[in-house]
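What follows is one structure encoded as structure tokens, with my remarks underneath.
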Amino acid sequence: LTLSRAAPASFNQDDVLLVNTFAIQASIALENARLYDDLNRFNQMMERMVEQRVEELNNAYRTLEKLDKNKSDFIQVAAHELRTPLTVIKGYMGMIKSVPAMQKEPSMIQAMEGVIQGTNRLHQVVNSMLDVARLDNQVLTPHLEAVTLGPVLRLIRKDYAEELQARQINLELDPDINSAPPLLADSELLKKALDNIIVNAIKFTPDGGSIFVNAGPVNVDGRGEYCEIRVRDTGIGIDSENHTIIFEKLYQLGKVEFHSSGRTKFKGGGPGLGLAIAAGIVKSHKGKIWVESAGYDEKNLPGSTFIIQIPLAK
Ligand code: ADP
């Protein structure tokens with residue numbers, strides 16, 4: 001900042017002070033303008049970076065969606081291809097079993113029972129594969145009506161009476177379930193979802209353990225009135241980092257090589273479809289499903305609680 005003058009001694013002390021003050025303010029204004037310019041440039045750079053990252057994320061999402069679709073397509077094709085020969089095997093086994101000569105041979109009967117049991121299990125797996133594919137393709141639409149929970153749960157308990165007895169597991173239904181208000185659900189699909197949750201509770205609870213089911217109405221913030229069903233077991237539990245991923249199809253925490261043909265054997269491996277089916281069904285009912293567990297511990301058995309919320313019938 002320069003001051004010039006025509007006549008000597010034109011500036012007094014006050015002028016110098018004024019000019020000084022002006023100079024200080026001007027330098028602050030210049031500095032602010034420079035900072036503002038820097039900030040602007042930084043913002044533009046950040047915007048470009050965010051746009052780039054969003055584009056990358058969109059690409060990754062599209063790739064994952066494609067991979068997930070491939071997985072669904074594969075499951076669907078494999079299930080259809082397996083179903084036809086399975087039906088043929090089951091039909092012929094039924095015929096062979098009824099041949100009188102076969103019935104005289106105990107070892108043959110035992111062998112045939114084994115084959116029939118194996119094909120029945122395979123049929124269950126194939127049906128689960130078809131369910132997952134249908135849920136993924138949104139072709140499994142629920143026929144909603146007012147459903148009372150008690151009979152559905154009692155039916156499931158009856159279906160597994162033999163397995164529960166063999167494993168000495170107590171499946172207790174809370175008496176309050178009988179007074180729970182009716183849900184807006186497809187009874188077949190609801191049974192399937194609860195069946196998958198309960199079968200897992202049996203599978204991941206050691207012999208002599210217990211499973212407790214209770215239900216009641218809850219008011220979920222902003223989402224209205226729901227029935228909350230809680231299935232609690234005294235099993236091996238689930239680590240918190242796996243609480244979300246277990247609901248993905250084909251995901252299982254156990255070792256893949258420990259597969260068994262039984263559905264309720266302790267820690268028996270399955271195809272990793274049960275929870276995906278349960279989650280798909282709950283989603284198609286506009287409900288919510290999640291798990292609570294203190295962690296995985298085969299010694300102290302912290303157990304797991306699966307919670308399902310389904311809208312109430314009006
Ligand atoms: P799977 O066919 O393996 O049972 P699911 O989709 O039903 O497939 O379950 C996925 C995984 O979640 C299981 O392999 C198991 O590790 C874990 N899991 C599910 N339910 C329970 C439970 N009640 N207790 C402990 N672990 C469980």
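The values are calculated or read from the model by the stated rules, or taken from the named source; none is laboratory data. Remember, predicted model here, so these are calculated numbers, not experimental data. Here the Cβ is made from the backbone with ideal geometry for all residues, glycine too, and neighbour counts use every protein chain on show. Side chains included, ligands, DNA and RNA excluded: accessible areas come from the protein's heavy atoms. Shrake-Rupley method; radii C 1.70, N 1.55, O 1.52, S 1.80 Å.
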Length gain on complete extension for the stretch ARG48 to GLU225, per 0.36 nm per residue less the alpha carbon to alpha carbon distance? 59.2 nm
Can you find, among PHE266, ALA276, LEU64, the residue sitting farthest towards the positive end of the charge dipole of the chain, where Lys and Arg contribute +1 and Asp and Glu -1 at Cβ? PHE266
Per-pair calculated FRET efficiency, R0 = 45 Å: ALA111 and GLU172 via Cβ, rounded to 0.05: 0.70
Can you send over the carbon and sulfur percentage of the accessible area for the range 1-155, probe radius 1.4 Å, protein chains only? 61 percent
Enumerate the residues in the range 127-167 having an amide nitrogen under 16 Å from the point lying 7 Å beyond the Cα of LYS283 toward its Cβ. 129-142
What FRET efficiency comes out for ASN214 versus ARG62 if R0 is 25 angstrom and r is the Cβ-Cβ distance? Round to the nearest 0.05. 0.05
With all protein chains modelled, accessible area of GLU248 [1.4 Å, Å²]: 100 Å²
Between GLN76, MET46, TYR226, whose Cα lies farthest towards the positive end of the dipole of the chain when Lys and Arg beta carbons carry +1 and Asp and Glu beta carbons carry -1, centred on the Cα centre? GLN76
Only helices at least 30 Å long along their axis, Cα-based, and averaging -0.5 or more on Kyte-Doolittle count here, so list those DSSP H runs from the chain. 13-97, 106-136
Contour minus Cα-Cα span, LYS265 to ALA23, at 0.36 nm per residue, comes to 78.5 nm
Links exceeding 22 Å between C-alpha atoms in this model, out of LYS90/LYS191; LYS192/LYS283; LYS71/LYS288, come to LYS90/LYS191; LYS71/LYS288
In the range 157-245, what percent of the accessible surface is made up of carbon and sulfur (1.4 Å probe, ligands and nucleic acids excluded)? 45 percent
